[in-house]
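The values are calculated or read from the model by the stated rules, or taken from the named source; none is laboratory data. Values in this document were obtained by computation on a predicted structure and should not be read as measured data. Neighbour counts are summed over all protein chains in view; Cβ atoms, including those assigned to glycine, are modelled from backbone coordinates with ideal geometry. In case anyone asks, the SASA skips ligands and DNA or RNA and just uses the protein heavy atoms, side chains included. Shrake-Rupley method; radii C 1.70, N 1.55, O 1.52, S 1.80 Å.
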Amino acid sequence: MALNISGLIALVLFYAMTLAIGIWASQRSKKQNTKKPSEVAMVGGRNMNFWVGLFTATATWVGGAYINGTAEIVYLPSRGLLWVQAPVGFALSLLVGGFFFVNPMREKSYVTMMDPIQEAYGNVMASLLFIPPLIADIFWFAAILASLGATIKVILDIEGYLAIISSACTVIIYTLLGGLYSVAYTDVVQLIFIIVSLSICIPFAMMNSATESITYTASHHLFQAPWIGNIEVQYFGRWLDDFLYLVLGGIPWQTYFQRVLSASSTKQARLISYLSGLGCFAMAIPSVLIGAVAASTDWNQTDYGLPSPNERGESALILPLVLHYLCPMYVSIGGLGAIAAAVMSSGDSALLSASSMFAHNIYRKVLRKKATEKEVLWALRLSIVAFGMMATALAFYSHSIYDLWFLGGELVYALLFPQLCCVLFVPSTNTYGSASGFLVGFLLRILAGEPALKIPPVICYPGCSLVGGTYIQLFPFKIVTMFITLLTIIFVSHLAAFVFQRKILPTRWDVCKIIKEDKIIVSSPQREEFRIVQSTENCGQ
C-alpha cells in the first residue's frame, strides 16, 4: 500500500481549518468585558450561545473512542449490539445530570466541579480528589489520540505517531489560545463534519458486493455470530455494572460541568444537558451500522483477505478497516476526517477540563492564594501544554482503545461521584468522612483487580472466573464499591461529629477543625449578626 497523497492533503487542510476557527474564536473571547478573564477561558464568561453550547456538549462525548469503540463492540462476535451501552448510558447520564446536578452547581456560580468539594472538605482533600479526574482526562485524551493514529495508519499508510503528534499539537494550540470559546466553536464545525462524513460512508459500505444484508446477519450466523449479540445469564451482573457505571460515572466530569456552567441561564443549562444526551445517542447510530456491516462482510472477497479482523486481533481497527476496504478512497478520506474531528472535539475538552481544575482549584486556592488573574491564566496555559504532552506520550503505549477509554472513568466513578453527591445533597458530611471514603473506595477498587493493567484481584467477588489466564469479575463490584464509598463518607462524618460534640474525644484531637465552639459569624449586610454554637467548619478553610 502506497502513501495516499490526496488523503494527506485533505487531512492537512482540515487541521488548518480547525486551527483557524480556534484562533478566530480566541479573538472573540478577548472581546468579553469582564474583570475575570480566567472565567472566560474556563466557563466562557457564563454567556455561551445556546446552540453553540448544545453542539459542544454533544461533541464532547462523541469522541474517537466513542465512535471507534461502538463499532468495535458491535462487530465482536463475543459481544454485539446488546453490549453497546455507551449511547444509552451517556444519554441517561446527561438526563440525570440535568435534573439533579445543574441547579445546585449554578446557584453558587461555581467554576469547576471541585469548588463545592473544596468548600466542604478543604484544600487537602480537594488536592487528593483532583487526582482521579486528572488521570481520567489524560487517559481519555490518550485513548482518542491512539484511535486516530490507528485509523490514519490504515487509511493513509502514514505512521500513527505522526497523526498523534499533529493532532495533539493542533488541539493544544487552539485550546491554549482561546479556552472554552475556541473549544466550543471548533466543536460546532467538528460535529457537523462527523455527521456528514459518516452518513456518506455508510451507504457505500452497505452496498459493497462483499457485504450481506445486515438485517439477515443480525439474527443469523453467516460469517460469524449474529451482530445483535446476547447477554448470557452469568454475565448479566457485569453488564448491569458497566451500564450503571456509564450512567452515574458520566456525571462527575469537569467537561460536563463546563458546558452547563457556561450557559447564560439555568433553564438553558438544563435544556442543553437533556438535548445533548439525545444527540449522543443519535451519533452512535453510524458506528452501530458500520460495526454491523463489518460483521456481515466476507473479508475474503476484499483486499484485506483472510483471516478476518477478529481472528487477527484487529477488531479495535474495525471502523477504519470498513472505511478503507469497503468504501471508495475519496469516501474513506471523508470518514477519516470524521474520526479526526471526533478526536479534536473530545481532546480539547479533556485538556481544558484538567487544566481548569488545576489552575482554579490547585494553583489559585492552594499554591498561590494571592494569584492575580494573569497568573491564573498562565497556569491554565502551561497546564494545557503539560497535560497534552502527557496524554500524547501515553497514546503511544495504548494497546486497547476501548479498555483505556473505559478504565479512565472508573476512578472518577468510585471515588469522586460519592464525594460530589455528599457535598451537594448531604451537607452534614465532613472532611473525616471524605478522607475515609477516599481511602476505602481506592482500596476496594484496586483490590478488585484490573485486567487491562494486568492487576490480579485480591478480592474475588462471587462469580470471579479465570478466563484465558485473566481473572474476570462477573459480580457488579463497581456499583458496590461506589455505594460503600458513599456510605463510608456519611457514616464516618456523623461518627466524627458525634464523638467530638459529645466530648467523647477531646477537641484538641479534632485536627480537621470540624467543631468550633462559640464562634461569632458576621453575615452579609442584609442580615443581622448571629451566634452559632458548635458550628461545623472544614479542614483547611
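At-a-glance table
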{"read-out": "Residues satisfying the stated conditions in segment 239-294, i.e. more than 20 Å from Ile73 (Cα to Cα) and free of Cβ contacts under 8 Å to residues at least 40 places away in the same chain", "value": "Ser265, Lys267"}
{"read-out": "Qualifying positions in segment 407-456 - assigned to a loop (DSSP other than H, G, I, E, B) and either over 30 Å from Gly469 (Cβ atoms) or not assigned by the TED database to the domain that holds Val492 (or both)", "value": "Gly409, Val426, Pro427, Ser428, Thr429, Asn430"}
{"read-out": "Filtered residues of segment 68-93 (kept if open to solvent by 20 Å² or more (accessible area, probe 1.4 Å) and not in a helix (DSSP H, G or I))", "value": "Leu76, Pro77, Ser78, Arg79, Val84"}
{"read-out": "Selected residue (only one of Leu415, Leu404 is at pLDDT 90 or above, under 16 Å from the mean Cα position of the chain (by Cα) and buried (at least 22 other Cβ atoms within 10 Å of the Cβ))", "value": "Leu415"}
{"read-out": "Residue count for segment 367-391, restricted to those that are open to solvent by less than 100 Å² (accessible area, probe 1.4 Å) and more than 21 Å from the chain's Cα centre (by Cα)", "value": "7"}
{"read-out": "Residue identified as outside any helix (DSSP H, G or I), closer than 19 Å to Ser349 by Cα and open to solvent by less than 50 Å² (accessible area, probe 1.4 Å) among Thr60, Thr112, Thr56, Thr18", "value": "Thr112"}
{"read-out": "Candidate set: segment 481-505, residues that are assigned to a loop (DSSP other than H, G, I, E, B) and of a type in the set (A, V, I, L, M); chosen: the one least open to solvent (accessible area, probe 1.4 Å)", "value": "Leu505"}
{"read-out": "Positions within segment 201-246 being more than 19 Å from Ser296 (Cα to Cα) and open to solvent by 40 Å² or more (accessible area, probe 1.4 Å), in sequence order", "value": "Ile231, Glu232, Val233, Gln234, Tyr235, Phe236, Arg238, Trp239, Leu240, Leu244"}
{"read-out": "Search result, residues across segment 295-324 that are over 18 Å from Leu222 (Cβ atoms), assigned to a helix (DSSP H, G or I) and not hydrophobic (A, V, I, L, M, F, W, C)", "value": "Pro320, His324"}
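Quick grid of which residues meet (1) closer than 18 Å to Ile228 by Cβ; (2) touching a His at 6+ places or on another chain (Cβ under 6 Å); (3) in the same structural domain as Leu317 (by the TED database); (4) among the hydroxyl-bearing types (Ser, Thr, Tyr):
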site: Ser78; (1), (2), (3), (4): yes, no, yes, yes
site: Leu81; (1), (2), (3), (4): yes, no, yes, no
site: Gln85; (1), (2), (3), (4): yes, no, yes, no
site: Phe90; (1), (2), (3), (4): no, no, yes, no
site: Leu94; (1), (2), (3), (4): no, no, yes, no
site: Gly97; (1), (2), (3), (4): no, no, yes, no
site: Phe101; (1), (2), (3), (4): no, no, yes, no
site: Thr112; (1), (2), (3), (4): no, yes, yes, yes
site: Asp115; (1), (2), (3), (4): no, no, yes, no
